Structure formats: structure tokens, C-alpha cells
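J.: Below you'll find the structure I mean.
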Amino acid sequence: MRRGEFYKVKRPSSLDPKKIRVFIIVSRQILIDSRFSTVICAPVYTAYDGLSTQLEVGIEEGLKHDSSIHCDELVSIPKQMLTDYVGNLSPDKLLILAEALKIALHLYDE
């Protein structure tokens, strides 16, 4: 399990209308490798609104169709739910993801 990997999650929450949702792991690797049972993830949706906190992804990352990562909707997911590997981000797109996360969490200088 690595930062930047996509996984299908069955019934991620009772509020999600989808039975299966794809998430990307955004936690730092040291946490992923630790004894902690959860990791921080961002959901992947087919909708893309052009926000600076969204990152376009698609077939080249292992997904079935064009989608986007929504960094404004981070969630903690138990590692045991991340069993259905889909694909991963390239190193270049990992840098873009890091920027989107900084914006979403307001971790930049104004």
C-alpha cells in the first residue's frame, strides 16, 4: 500500500449513494506503513468542476473513465477496506496532488 494508489471501497459510508467508490491514498508513507489502522484518502468522482483542489485523472491511472480527485473531501478509511487495487498516480501527478492538498488545507503562504 502506497501514497498515490487508487482502491475501490465497498460502501464507504452510509451517506454515499454509490455501492463502490474509488479513493486515492493521500497519507504520508510513514503513516501507511505504521501500526495505525486507518489512512487518509480522497474520493474520486466523475464530476470535475475545475477547482484548484481537484485533479483530473483517468484511464492512464487505471480508472475506467475520466474522473477527478476531490481534495476538499478527505476521509479516514480503515486499511482493511482498501483491498481492491485500481492503479496509481505518476510522480508528476503526485506533485500536482500535493499542491491541491495544500490548497484544500490552506497550507500555503498568502
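Taken together, the values in this text are just the output of simple stated rules run on the coordinates, not laboratory data. Note that the structure is predicted; figures quoted are calculated from it, not measured. Positions of Cβ are backbone-derived with ideal geometry, glycine not excepted, and every protein chain shown enters the neighbour counts.
J.: When you look at V22, is it out of contact with any helix residue (DSSP H, G or I) (no Cβ under 7 Å at 6 or more places or on another chain), in contact (Cβ under 8 Å) with a residue 60 or more places away in the chain and not in a loop (DSSP other than H, G, I, E, B), yes or no?
T.: Values: out of contact with any helix residue (DSSP H, G or I) (no Cβ under 7 Å at 6 or more places or on another chain): yes; in contact (Cβ under 8 Å) with a residue 60 or more places away in the chain: yes; not in a loop (DSSP other than H, G, I, E, B): yes.
So V22 fits the description; yes.
J.: Among the candidates S27, S68, single out the residue that is within 22 Å of K102 (Cα to Cα), in a loop (DSSP other than H, G, I, E, B), among the polar types (S, T, N, Q) and under 14 Å from the mean Cα position of the chain (by Cα).
T.: On the way: S68 fails: in a loop (DSSP other than H, G, I, E, B).
Unique residue meeting the criteria: S27.
J.: Using the structure shown, decide if I40 is over 23 Å from H106 (Cβ atoms) and among the hydrophobic types (A, V, I, L, M, F, W, C).
T.: Details: over 23 Å from H106 (Cβ atoms): no; among the hydrophobic types (A, V, I, L, M, F, W, C): yes.
Judged against the criteria, I40 is not a match.
J.: Can you give me the number of residues within the stretch 75-94 that are in contact (Cβ under 8 Å) with a residue 60 or more places away in the chain, in contact with a Ser or Thr (Cβ under 9 Å, 6 or more places away or on another chain) and outside any helix (DSSP H, G or I)?
T.: Final tally of qualifying residues: 2.
J.: From the list E56, E60, which residue is assigned to a strand (DSSP E or B) and surrounded by fewer than 16 Cβ atoms within 10 Å (Cβ to Cβ)? It would help to see each step written out before you state the result.
T.: On the way: E60 fails: assigned to a strand (DSSP E or B).
Exactly one of E56, E60 is assigned to a strand (DSSP E or B) and surrounded by fewer than 16 Cβ atoms within 10 Å (Cβ to Cβ), namely E56.
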